[in-house]
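The numbers here are math on the coordinates, done by the rules we state, and not lab data. This structure is a prediction, so every number in the text was calculated from the model and none was measured. Virtual Cβ from ideal backbone geometry, glycine too; neighbours counted across all protein chains shown.
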Amino acid sequence: MSNIVKFPKATKPPSLEPMEPAAPKAVDQGLLAGMVKFLWVTTVLVWPILKWILSIEVFFQFARMLYYWNTPGVIAGWTFLLHFAVLTAITYFVSIYKPKGL
């Protein structure tokens, strides 16, 4: 004859009660979150061209800063730093940040 292996019996039969539904996802994420998501998608789509334009513009501001270095009354250094900070922030926004739900 053959060996018959009996599986262990369940100690408690499964409940036939309906399970609680999972928490519904928030459909309305808010106006600000939707605007940030739209801005991120559009920025990512135009990023290859925008990166070149902003980089050329920052280089122009750098050359302008060097030209006006010792000229009193010209704030070319602060202007360059502002433009460089904007380029850095947009690069961070596109490459590292990703909105939830995408």
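For segment 45-96, calculate the relative contact order in percent as a whole number, restricting contacts to Cα pairs under 8 Å that are 6 or more residues apart. Mind showing how you got there, number by number?
Numbers: 21 pairs, mean separation 19.0, N = 52.
37 percent.
Express the Stokes-Einstein translational diffusion coefficient of segment 45-96 in µm² s⁻¹, to the nearest whole number, given a Kirkwood radius over alpha-carbon pairs, 37 °C and a viscosity of 0.692 mPa s.
280 µm²/s
Can you tell me the FRET efficiency between VAL44 and THR79 if r is taken as the Cβ-Cβ distance and R0 is 30 Å, rounded to the nearest 0.05?
According to the calculation, E is roughly 0.65.
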